[in-house]
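In what follows, a single structure is set out as structure tokens and then discussed.
The values are calculated or read from the model by the stated rules, or taken from the named source; none is laboratory data. Since the structure is predicted, the reported quantities are computational estimates derived from the model, not experimental observations. So basically every Cβ, Gly included, is an ideal-geometry build from the backbone, and we count neighbours across all protein chains shown. The accessibility values were calculated without ligands, DNA or RNA, using every heavy atom of the protein model including side chains. Shrake-Rupley method; radii C 1.70, N 1.55, O 1.52, S 1.80 Å.
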Amino acid sequence: MVPLRFAPYREIANEIAARLIASREGSDPLCPWAEEVIVPSRGVAEAIAAELIARMPNGVAGLRLQTLDELAQRTLAASRQTPRVAEDLERRLAMRAAVRTIDHPMMESRGVASVLERAFPDVRDSGKTLADFSKRVQAARGLRNPRRTEAIVRTWTEYERLIAQLGAIDAADRLARAARLAATTRPQLVAGFYDMTGAQLALVQSLIEAERVAEVWIPTEQPFAQPFIEGLECGGRSHRFPQHTKAAAAAAALQTVQYDSRIDGLRDVCARVPTLIAQGTPAREVGIVARSFEPYDARLLNRFAEENGFRTSLSDEIPLSAHRIGRGAITLLRLRERGFLRAEVLELLRDGLHVRTQTTIDPVDAATRRART
């Protein structure tokens, strides 16, 4: 049994800060902390750190406020394992290469590699391996298109092989490896999670089974009659908190807006932030969440934020597509992905692409048209 505490984010930060300070009362200020804190985001970590600094004006040193990914990496490093998670560009190129190896009409569709790349983490983040997913597909009955599903699984299998050749692993694999070493970690306080992926939950459950979780705080604005609830059972289902999650969701004010493009969406979101700050919301408690974020999206977000009088904590790296040589490389890769369509190749030549063999575009256009007919 692990004590659960349901409270607003501010109270969570206050209680964790008080607990950490109480655990060090009368001890050497430079001695290691007895407990570490697992947080879901940088904002929660900053809130806890601010409360600690307010209570300890001389400063804080050595405390670990870490995400589950950071905990997994440190746990593996302590056991002399140094796996490297594949970078975005590596994953993108590996998926495009994997798609080209599968003989199926669907793999010739425009944009299929991007779709499969976005869908793959949904499978792995569930906590299941691709082999587990493949077995479930084979045992399933009534699939609408079994051959198409089989082609997708074969593509993902080839993708994983290519990632392994690069000497990298998937982020879900890192969590799974760390779960097997849960007993080697320090005691943890889990603070601020209202949702987890299957892979993250498996790591937390392993920490609980190894008696490495001292307490769990769940964020909510909904008041509860019992502030402490004994209910996080190893192997049980009470960790899902169905009734409390629904109550918290009902208490939150949500608004759904549909935009014509991601640029319109980013611009409108940034325009709403100054209103929240003017209403008294601390800047560190305002978060912008997205399912996926391209480097160019970060550049746009920072630009719109500056136009509205605030700054984000997102690093503004120059994306590959912003460089001339990068745009050229991306264009050539897209041409290859689509099978060098005649019209696109000719359009590129008309735009002034310098090639080793000089050609006159109009005769080439006419000749290729005749060859197609």
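Whats the longest run of the chain with zero GluC sites (Glu not before Pro) that are DSSP loop and have at most 14 other Cβ atoms within 10 Å? Kindly include the intermediate steps, with their values, before the conclusion.
Details: sites that count: E25, E87, E211, E221, E233, E317.
That gives 88-210 as the longest site-free run.
About the Cα centre, and with charges only on the beta carbon of Lys, Arg (+1) and Asp, Glu (-1), how big is the dipole of segment 37-169? Nearest 20 debye, please. Let's see the in-between values first.
Values: 22 positive and 16 negative charges, 87 e Å.
That gives a dipole near 420 debye.
Which residue, I38, I53, L20, has the largest displacement toward the positive end of the dipole of segment 1-129 when charges sit on each Cβ (Lys, Arg +1; Asp, Glu -1)?
So the residue we want is I38.
Quick one: with all protein chains in place, what share of the accessible area of the chain is carbon or sulfur, to the nearest percent (1.4 Å probe)?
Here it works out to 51 percent.
When only alpha-carbon atoms count, how far does segment 46-111 stretch along each of its three principal axes, as whole angstroms with the largest first?
Over segment 46-111, Cα extents along the principal axes are 65, 30, 14 Å.
Quick check for you: with a 1.4 Å probe and neighbouring chains kept, what is the accessible area per residue of segment 174-218, in Å²? If you can, show how the numbers build up before the last one.
On the way: 1900 Å² over 45 residues.
Result: 42 Å² of accessible area for each residue.
Using amide H atoms built in the peptide plane, which far-off residues or other-chain residues are under 5 Å from L314 H to H?
none
Measure of size requested: the Rg and Dmax of segment 124-209, with Cα atoms as the atom set and Å as the unit; please supply both.
According to the Cα coordinates of segment 124-209, Rg and Dmax are 16.1, 48 Å.
Scattering from the C-alpha atoms of segment 263-359 alone, worked out with Debye: what is log10 I(q)/I(0) at q = 0.17 1/Å?
Here log10 of I(q) over I(0) equals -0.82.
Between the DSSP loop rule and a limit of at most 13 other Cβ atoms within 10 Å, which trypsin sites (Lys or Arg not before Pro) in segment 2-85 are left?
Values: sites: R5, R10, R19, R24, R42, R55, R64, R74, R80, R84; in loops: R24, R64, R80, R84.
Counting only loop positions with at most 13 other Cβ atoms within 10 Å, the trypsin sites (Lys or Arg not before Pro) in segment 2-85 are R80, R84.
Can you list the HN-Hα couplings for segment 339-355, worked out from phi with the Karplus curve (6.51, -1.76, 1.60; θ = phi - 60°), rounded to whole Hz and with x for Gly and Pro?
Coupling constants for segment 339-355: x, 6, 4, 4, 5, 6, 5, 5, 5, 5, 5, 5, 6, x, 5, 8, 10 Hz.
Inverting the mean 1/r over all pairs of different Cα atoms, compute the Kirkwood radius of the chain and quote it in Å.
Taking the inverse mean of 1/r over all distinct Cα pairs, the chain comes out at 24.7 Å.
May I have the pair-distance distribution P(r) for segment 24-74, computed from all Cα-Cα distances with 5 Å bins from 0 and rounded to whole percent?
For segment 24-74, the binned pair fractions read 4, 19, 26, 25, 16, 9, 1 percent.
Share of Cα-Cα pairs in segment 1-120 beyond 16 Å, in percent?
73 percent
How long are the semi-axes of the ellipsoid equivalent to segment 53-161, from square roots of 5 times the Cα gyration tensor eigenvalues, in whole Å, largest first?
39, 16, 14
For E215, list long-range residues whose amide hydrogen, built 1.01 Å from N in the peptide plane, is under 5 Å from its own amide hydrogen.
Distant-sequence amide H within range of E215: V190.
Out of the DSSP beta bridges found with both residues in the chain, what percent are antiparallel (nearest 5)?
Once the DSSP bridges in the chain are tallied, antiparallel ones form about 20 percent.
Scan the chain and report its longest stretch carrying no chymotrypsin sites (Phe, Trp or Tyr not before Pro) that are both in a DSSP loop and have at most 12 other Cβ atoms within 10 Å.
Formally, the longest exposed-site-free interval is 1-258.
Quickly estimate the mean residue ellipticity at 222 nm for the chain, helices only: each DSSP H run with n ≥ 4 gives -39500 (n - 2.57), and the total goes over all residues, rounded to 500.
-16500 deg cm²/dmol
Quote the charge dipole size of the chain about the Cα centre in Debye, to the nearest 20; the model charges only the Cβ of Lys and Arg (+1) and of Asp and Glu (-1).
1540 debye
Could you give the accessible area per residue of segment 31-173, probe 1.4 Å, as a whole number in Å²? Could you put the intermediate results ahead of the total?
On the way: 8260 Å² over 143 residues.
Accessible area per residue: 58 Å².
Tell me which of S206, A366, A343 sits at the most positive position along the dipole axis of the chain, charges placed on C-beta atoms (Lys, Arg +1; Asp, Glu -1).
A366
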